[in-house]
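**Q** Sharing a structure below in structure tokens format, with a few things to ask.
Values in this text are rule-based calculations from the coordinates and carry no lab data. Bear in mind the structure is a predicted one, so any value in this text is a computation, not a measurement. Note that we place each Cβ from the backbone using ideal geometry, even for glycine, and neighbour counts take in every protein chain shown.
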Amino acid sequence: MPELPEVETIRSFIEKRVQHKVITAIDVSLPRLIRNTTAENFVSVLTGTTIEGVSRRGKYLFLHCSGPSSVLVHLRMTGSLLYEDQPGAFSGRAVHVVFSLTEGRLLYRDIRTLGCLWLVPSEGPTGIKGYDNLGPDAISPAFTAEGLYRLLKETSRPVKTVLLDQTKVAGIGNIYVDEALFRAGIRPLRRAHRVTKKEAAKLHEAITDVLHEGLEHGGTTIRNFISGNGKEGQNQENLRVYGREGTPCTVCGTTIEYVKLNGRGTHYCPKCQK
DNA sequence: CCGATCCTGATA
DNA sequence: TATCAGGATCGG
């Protein structure tokens with residue numbers, strides 16, 4: 001579910017509230033979510049450490065703990081991290097891991113339970129392939145128009161497929177990719193190496209814009225996304241193609257089309273996008 | 001490259 | 001009852 005803007009919305013909310021607090025206890029009610037060690041080991045290694053900060057790369061969150069081990073989290077489709085002052089504010093369904101802090105609690109909630117938590121070294125490579133192999137973060141200075149043009153040039157895969165490849169650029173997901181391609185006037189199925197340098201520059205700007213707009217509006221809530229405080233995002237009001245199949249394009253009035261690409265729903269305007 | 005897979009829940 | 005869903009990985 002969450003893409004870069006949703007994950008960053010969660011990160012900034014929870015970091016302020018969990019930073020410098022000690023983990024006094026951890027309750028894991030769904031052990032299979034801990035992917036690379038036992039729940040017992042996860043709990044014993046982390047209990048008593050202090051959360052020094054929360055960082056994000058792509059769609060991953062990293063809880064930096066004071067000991068040699070820290071926590072890596074991927075929310076996948078329906079995961080969320082929530083902070084509550086009072087026990088019970090979010091208790092109930094779909095809360096699978098609870099970090100009790102010196103003050104308040106950090107909850108991992110996940111309806112479809114596709115998300116994962118890993119116990120990783122606090123410094124250096126994590127050993128988690130998906131994380132260690134991430135491309136430049138899509139809102140960092142490391143992601144440039146020139147870099148985008150170069151990585152599009154090297155493949156004939158559809159441009160949308162490349163943008164969703166987290167090893168090429170990290171953080172873009174199915175909603176924002178369709179929105180960015182619409183703004184850049186490029187069809188999702190266009191072969192990547194057919195994108196011109198000028199179009200790549202426009203696409204880079206479109207990606208930057210849609211992600212920052214998503215952030216400014218607290219993320220996009222279509223179904224399940226809630227931030228660290230349980231609030232929904234507002235960016236769904238700004239979507240121009242995602243979920244709008246069968247309705248008129250806001251620019252030209254042509255009916256928005258829907259196709260499947262790599263199993264993902266794909267939305268575009270057949271007139272505005274070439 | 002495509003589809004199946006991990007899951008639950010909402011909607012058609 | 002079937003299909004679809006913000007993701008990522010795996011095997012054929």
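**Q** Name the single residue that is nearest to A:Asn133 (Cα to Cα) among those in region A:59-90 being within 16 Å of DNA strand B (Cβ to nearest atom) and of a type outside the set (A, V, I, L, M, F, W, C).
**A** A:Lys59
**Q** So, of the residues in region A:223-237 that are of a type in the set (Gly, Ala, Ser) and on the phi < 0 side of the Ramachandran plot, which turns out to be surrounded by the fewest Cβ atoms within 10 Å (Cβ to Cβ)?
**A** For region A:223-237, the residue satisfying everything is A:Gly233.
**Q** Please note which helices (runs of 4 or more DSSP H) are completely contained in region A:134-239 and include at least 1 residues that are more than 27 Å from A:Glu257 (Cβ to Cβ).
**A** A:145-153, A:197-216
**Q** Shifting gears a bit: Just checking, does region A:79-102 include any residue being over 16 Å from the mean Cα position of the chain (by Cα), in a strand (DSSP E or B) and of a type in the set (Ser, Thr, Tyr)?
**A** yes
**Q** Mind checking whether some residue in region A:172-181 is more than 18 Å from A:Gly265 (Cα to Cα) and either more than 16 Å from DNA strand B (Cβ to nearest atom) or buried (at least 21 other Cβ atoms within 10 Å of the Cβ) (or both)?
**A** no
**Q** Residues in region A:23-58 that are buried (at least 16 other Cβ atoms within 10 Å of the Cβ), within 16 Å of DNA strand B (Cβ to nearest atom) and under 21 Å from the mean Cα position of the chain (by Cα): how many?
**A** Total meeting the criteria: 2.
**Q** In addition: Does A:Thr167 qualify as being in contact (Cβ under 8 Å) with a residue 12 or more places away in the chain and either within 12 Å of DNA strand C (Cβ to nearest atom) or not aliphatic (A, V, I, L, M) (or both)?
**A** yes
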